[in-house]
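The values are calculated or read from the model by the stated rules, or taken from the named source; none is laboratory data. These numbers were taken from a predicted model, which means no experiment stands behind them. For neighbour counting, all protein chains shown are included, and Cβ atoms are generated from backbone atoms with ideal geometry for every residue, glycine included. Side chains included, ligands, DNA and RNA excluded: accessible areas come from the protein's heavy atoms. Shrake-Rupley method; radii C 1.70, N 1.55, O 1.52, S 1.80 Å.
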Amino acid sequence: QVQLVESGGGLVQAGGSLRLSCAASGRTFSTYAMGWFRQAPGKEREFVARIVWSSGSAYYADSVKGRFTISRDNAKNTVYLQMNSLKPEDTAVYYCAVKPTITSGYTTGYVYWGQGTQVTVSS
C-alpha cells in the first residue's frame with residue numbers, strides 16, 4: 001500500500017501561481033511513476049502530468065503544457081506540481097496518484113490516490 005497526502009491548494013487570481021505537493025509513504029519503492037489529475041465540478045477526472053520516478057521523465061496534457069511543471073524529490077518521496085499562468089479553467093480538485101508498474105499509456109495504470117486538494121482560480 002502507498003499513502004498519498006496532497007497539499008498546497010488554495011485560491012489564486014488568474015495569472016498567478018501555486019505549487020502543489022504530494023508526499024508518499026508506505027511501499028514507495030514499488031513506484032514506477034507518479035501523476036497529477038484534476039476534476040472540475042460536473043466534469044470527468046482528467047490527466048494533468050506524470051513523472052517517472054527513476055528517470056524524471058515528464059509528460060503533460062496539452063492544456064497545461066508550458067505552464068505547469070512536475071518534479072520530484074526522491075529523498076523526500078514527494079512529487080510537486082508547479083502551476084504558473086493559472087486560468088479560471090484550471091479550477092478543480094487536484095489529485096496525485098501512483099502508478100506501480102509500467103503499463104501502456106501515460107494516463108492509465110494508477111492504483112493509489114490521494115484525497116485531493118482544491119485549486120480555485122478567480123478571474
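If you go through the range 32-52 one residue at a time, how many are over 13 Å from the mean Cα position of the chain (by Cα), of a type outside the set (Ser, Thr, Tyr) and surrounded by 14 or more Cβ atoms within 10 Å (Cβ to Cβ)?
Going through the range 32-52 one residue at a time, the tally reaches 1.
Kindly indicate whether ALA14 is in contact with a helix residue (DSSP H, G or I) (Cβ under 7 Å, 6 or more places away or on another chain), in contact (Cβ under 8 Å) with a residue 40 or more places away in the chain, surrounded by fewer than 21 Cβ atoms within 10 Å (Cβ to Cβ) and at negative phi. Answer is yes for this residue.
Inside the range 109-123, can you point out the residues that are open to solvent by less than 70 Å² (accessible area, probe 1.4 Å) and either outside any strand (DSSP E or B) or without any contact (Cβ under 8 Å) to a residue 12 or more places away in the chain (or both)? Give the steps one after another, and end with the answer.
Start the filter on the range 109-123 by keeping residues that are open to solvent by less than 70 Å² (accessible area, probe 1.4 Å), which leaves 109-110, 112, 114, 116-117, 119-122.
Selection gives GLY109, TYR110, GLY114, GLY116.
Candidates in the range 73-92 are the residues that are open to solvent by 50 Å² or more (accessible area, probe 1.4 Å) and either touching a Pro at 6+ places or on another chain (Cβ under 9 Å) or not in a helix (DSSP H, G or I) (or both); of these, the one that is nearest to TYR32 (Cα to Cα) is GLN82. Set side by side, the residues ILE102, ILE70 differ, and just one is open to solvent by 50 Å² or more (accessible area, probe 1.4 Å), more than 19 Å from GLN3 (Cβ to Cβ) and among the aliphatic types (A, V, I, L, M), which is ILE102. One residue alone among LYS65, LYS76 is out of contact with any Phe, Trp or Tyr (no Cβ under 6 Å at 6 or more places or on another chain) and modelled with pLDDT of 95 or more, and that residue is LYS65.
May I ask you to list pairs of residues, at least six apart or on different chains, whose Cβ atoms are under 6 Å apart, with the first in the range 45-58 being of a type in the set (Lys, Arg) and the second being surrounded by 22 or more Cβ atoms within 10 Å (Cβ to Cβ) and part of a strand (DSSP E or B)? As it stands, the answer is ARG45/PHE37; ARG50/ALA33; ARG50/GLY35, since those pairs meet every condition given.
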